[in-house]
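Contents: one structure, followed by commentary.
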Amino acid sequence: MNLSVTEAAPLAAESVVRRPSLVGRTRAGLDAALAEIGVPEKERRMRVGQLWNWIYHYGVRDFQEMTTIGKGLRAQLAERFSLDLPEVTAEQVSSDGTRKWLLRMAPTGPRDRGAEIECVYIPEVDRGTLCVSSQVGCTLTCTFCHTGTQRLVRNLTTEEIVAQLMVARDRLGDFPNRSAPDGAFVPNDGGRFVSNIVFMGMGEPLYNFDGVRDAIAVISDDQGLSLGRRRITVSTSGVVPQIEALGAEMGTMLAISLHAVRDDLRNELVPLNKKYPIKDLLDACRNYPGLSNAKRITFEYVMLKGVNDSDAEARELVRLLKGIPAKINLIPFNPWPGTRYECSDWERIERFSEIVFKAGYASPVRTPRGRDILAACGQLKSETEKLSARARLMLEQGEADAAATAH
């Protein structure tokens, strides 16, 4: 196994509240920052455009690099704000090139250690996909998903969602005229930078609707990060009331974590189904704004041995999706410590796929990526508790040593 891990030093007893970062802010957020330091309203639109270009197109980390902005305003901005990114507290590299970053967000108070979340970069020959998180922990408790075993702490802010892409581009050397940090992975074949975003990390995106919507507006703005909405996929476990609004307000691709064709089984695998059963979910899919053969919905179906992988279930899946322009991603279950499920045998997955394909649906079997670093689908679970426990232990040991010395 080719696996490398780096970790940051343990935290001090109290975190220092830093200057608020402008990275990740919407245009309205940048306008508010300029108003805060007294920039006249008639000047702010131009200044917002300048900041936007420097932050999101060039990825600058120092106000002094913003040469189109006067020195006086640069000094004002630097005194009140920063251009900090979340801290990468751990980086794991899979044998297949997948990278998982544990990111610590800025503290929100004097004793706040900073929330920690994970995002994953998956390099492929024709694309680079970044899997981003929308919550710290998860609202849901899907029984096959490792992330679902971690309680929800809070929603991520718009800035924290956007910052995940900023960290990835920074570490991949994917900003014009900027070199990557020492030791960072830099693609050299021209086709493996971040080209696609999937909201399939920690959390249920549609339970953080406003934060996700505003983050997508920043990510897709063609004057900055410039990722088209057709390259952004929002995955939901089935928050039915928000699906139409997702299409109308965000216009992204839609993915549905389905995983079962019967309500009794889906109630167990995806407990949200008790509130929004399969029929209601599929009705919402049929009415998704912009739905067409060119903008198909992806249905994700994790293959669980002896649970949901029979021929009969494959045929029922086809029947349920009739009339919906769709692609069905079959996902070999990725095991994690303590799970009671097993992955379906490969022959069973192929048979399931064949039934779906013969019915006229694309049914690719997703190649598991990053399994050796628990970065694959369904495996994300923040290392916050483990790292924090280690930090506390070292802190307590230091305090004990100091007390012993004093006596």
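Taken together, the values in this text are just the output of simple stated rules run on the coordinates, not laboratory data. Treat the numbers as computed from the prediction; the structure is a model and nothing was measured. Glycine gets a Cβ as well: all are built from the backbone with ideal geometry, and neighbour counts include every protein chain shown.
Spin-label model, residue 262/residue 87: points 7 Å from Cα along the beta carbon direction are separated by 5.1 nm. Each residue of the stretch 292-306 is assigned a 3J(HN,Hα), and the resulting list reads 6, 5, 7, 9, 6, 8, 8, 9, 9, 9, 7, 8, 10, 4, x Hz, derived from the Karplus form 6.51 cos²θ - 1.76 cosθ + 1.60 (θ = phi - 60°), x at Gly and Pro. In plain terms, the residue of 146, 57 with the fewest other Cβ atoms within 10 Å comes first and the most crowded comes last, giving 57, 146. On a per residue basis, the convex hull of the C-alpha atoms belonging to the stretch 87-386 measures out at 139 Å³.
Could you size up the charge dipole of the stretch 19-83 around its Cα centre, putting +1 on the beta carbon of Lys and Arg and -1 on that of Asp and Glu, and report it in debye to the nearest 20? Approximately 60 debye in magnitude. Taking 0.36 nm per residue of separation and subtracting the Cα-Cα distance, full extension of the segment from residue 71 to residue 179 would add 36.4 nm. Considering only alpha-carbon pairs that sit under 8 angstrom and 6 or more positions apart, the relative contact order computed for the stretch 87-386 is 18 percent. Protection proxy ranking, highest mean first, for peptides 125-135, 282-292, 198-208: 198-208, 125-135, 282-292, where packing is the per-residue count of other beta-carbon atoms within 10 Å, averaged.
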